[in-house]
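Worksheet: one structure, shown below.
No value in this document is a laboratory result; all are computed from the given coordinates. All figures in this text were calculated on a predicted structure; none of them were measured in a lab. FYI the Cβ positions are ideal-geometry reconstructions off the backbone, even for glycines, and counts take in every protein chain you see.
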Amino acid sequence: MYFHLFAQRRVFPIHKTKECVLHEGRIVPAPHRYSVCAEGDVPIKTFYEGIFREVFIFFHPFIKPVSIDPELFYPDTYPDKFQIIEHCERVKWSEFLSLSGINSYEELDVALRTSILGLKKEFADQRLADKMKETYERYNLAPPAEGLLPDLLVNKVLEAVRSQGEDWIWVGDEFGTVRKLEYILDLLDEDTLLGKNFFTHDHSMLITTHWDSHFSMICANDRNRIEQMVNECDLEGFFCNDETKLYWSVHALHDR
């Protein structure tokens, strides 16, 4: 049983399939599941049962500065989306595993979570986090960001949605309480996209990012539709099975 795998670093109203208390004495309705990320301790496909049949997890790549100073990749000077697109390349997790000697995607995910203090002590692995840090510093790479669609992929993903005939997309917050209908071409020209959830007007597809994870998910009923996006964007990841949870890496390493 791994309830509360993540470190309690901030107050966070977990998405529930039932009503929950947002403020004292105020009950908010459960969010529409087509518009929010799955819960942490429930199998992802169980959470979306009756909404989406297929879910693909895709990894946020490491960032390789090519024609920009790697020293800029700190909070006060972090490059914007267009600087990253123009001056950087992505390094896939598979390539990083070869560079680092880390054994698996599961270990790398735990290393990333540990590095942001995103796991309780008994599930964190500082050895892996240190090994990861040593590697990206040696090769002048920047680690992937958590909680948002990565700058190197966001435009590609939105363009792939548009190539399937969608000109508009809803952009929502992580709690399902705020949403705005946006024209996709306008989003491509925006420097910063703060939305956590992007879903089509007919609710047939959701692109979502868990607040403390270094991956995002594409959810839909049509597997071929997802595969088309994966191929078009050259995404790296895997389809969820019936048991996959958001903390898939921790479960895999601790359930051995």
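GNM remark for the chain: springs join alpha carbons under 10 Å apart, and the peak mean-square fluctuation among 101, 165, 118 falls on 165. Computed on the chain, with alpha-carbon pairs under 8 angstrom and 6+ residues apart, the relative contact order is 30 percent. Estimated from the Cβ-Cβ distance and a Förster radius of 41 angstrom, the FRET efficiency linking residue 253 and residue 49 is about 0.95.
Here the gap between residue 78 and residue 202, fully extended at 0.36 nm per residue and compared with their Cα-Cα distance, gives a gain of 41.1 nm. From largest to smallest, the equivalent ellipsoid semi-axes obtained for the range 62-138 from the alpha-carbon gyration tensor read 25, 15, 10 Å.
Our summary gives the range 62-138 a relative contact order of 25 percent, counting only alpha carbon pairs under 8 angstrom and 6 or more residues apart. When the P(r) of the chain is calculated, the portion above 33 Å amounts to 18% of the C-alpha pairs.
Expressed as a fraction of 2.2 N^0.38 Å, the C-alpha radius of gyration for the range 126-181 is 1.66. Among 75, 65, 144, the largest mean-square fluctuation in a Gaussian network model of the chain (Cα springs under 10 Å) belongs to 75. Computed from the C-beta positions of residue 189 and residue 94, the FRET efficiency with R₀ = 22 Å rounds to 0.10.
Helical content alone sets the calculated 222 nm signal of the chain at -8500 deg cm²/dmol, taking -39,500 (n - 2.57) per DSSP H segment of four or more residues and averaging over every residue.
The simple spin-label model puts a point 7 Å past each Cα toward its Cβ; for residue 120 and residue 30 those points are separated by 2.5 nm. Comparing 199, 215, 239 in a Gaussian network model of the chain, where Cα atoms under 10 Å apart are tied by springs, the biggest mean-square fluctuation is seen for 239. Our estimate of slack between residue 130 and residue 234, defined as 0.36 nm per intervening residue step minus the Cα-Cα distance, is 34.6 nm.
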